[in-house]
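The values are calculated or read from the model by the stated rules, or taken from the named source; none is laboratory data. Worth saying up front: this structure is predicted, and the values here are computed from it rather than measured. Note that each Cβ is placed from the backbone with ideal geometry, even for glycine, and that neighbours are counted across all protein chains shown. For accessibility, only protein heavy atoms count, side chains too; no ligands or nucleic acids. Shrake-Rupley method; radii C 1.70, N 1.55, O 1.52, S 1.80 Å.
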Amino acid sequence: MAESRAPIRLLAPLAGWLGPLEELPDPVFAGGSLGDGLAFDPTGDTLHAPCAGTIASLARTGHAVTLRLEGGAELLLHLGIDTVAMGGAGFTPLVREGQDVAEGDPLVRFDLDAVVHQASSAMTPFLLLESEDWTLADKRAPGPVALGDTVMTLVARAAGQGAAGEP
């Protein structure tokens, strides 16, 4: 049962500027259609695992990774906006689908200059994909963030609690 699971601390997968999803220049991410989370404007060149899990999917172009956690929650890390149009140029995956990763492990190396110049934005969504069993809590306020800082907590929903937190 999800309610017996301990909260999971989620770390910043990138250094840079942390902001709310609403700041993303993409209506799907900004509107929370895929799930709740935060946005990062990166200053580094490597995306890291925010917690331990298994690589559930890795975009063919290397710009997005979905991490499945032990309790079934899935986290999407999507480098930049409209980066799929880059066709994989500037992205070097460091993991493969099905691989187990530890908190802080490098997932994808990327050319930040290429993303800034070729994509519509370098801002990176970090989402909990829609889930009936999990929700996010304790989101850190906007501002500068270092790689590995705690930025939010994944919490199991109580039995019978809906997606909006209502019974």
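General observations
- As a summary of the residue check, Arg9 satisfies the conditions (1) surrounded by fewer than 18 Cβ atoms within 10 Å (Cβ to Cβ); (2) on the phi < 0 side of the Ramachandran plot; (3) in a loop (DSSP other than H, G, I, E, B) except for the one numbered (3).
- Just one of (1) within 13 Å of the chain's Cα centre (by Cα); (2) modelled with pLDDT under 95 fails for Gly53. It is (2).
- Of the residues making up region 15-67, those that are surrounded by fewer than 17 Cβ atoms within 10 Å (Cβ to Cβ), closer than 23 Å to Pro106 by Cα and free of Cβ contacts under 8 Å to residues at least 40 places away in the same chain number 1.
- Filter result (touching a residue at least 40 places away in the same chain (Cβ under 8 Å) and open to solvent by less than 20 Å² (accessible area, probe 1.4 Å)) within region 77-95: Leu77, Leu79, Gly80, Ile81, Val95
- Selection within region 103-135 - of a type in the set (A, V, I, L, M) and open to solvent by 50 Å² or more (accessible area, probe 1.4 Å): Val116
- For Ala158: the one exception among (1) open to solvent by less than 50 Å² (accessible area, probe 1.4 Å); (2) within 25 Å of Ser33 (Cβ to Cβ); (3) in contact with a helix residue (DSSP H, G or I) (Cβ under 6 Å, 6 or more places away or on another chain): (1)
- Every condition in (1) in a loop (DSSP other than H, G, I, E, B); (2) over 15 Å from the mean Cα position of the chain (by Cα) is met by Glu103 except one, and the failing one is (2).
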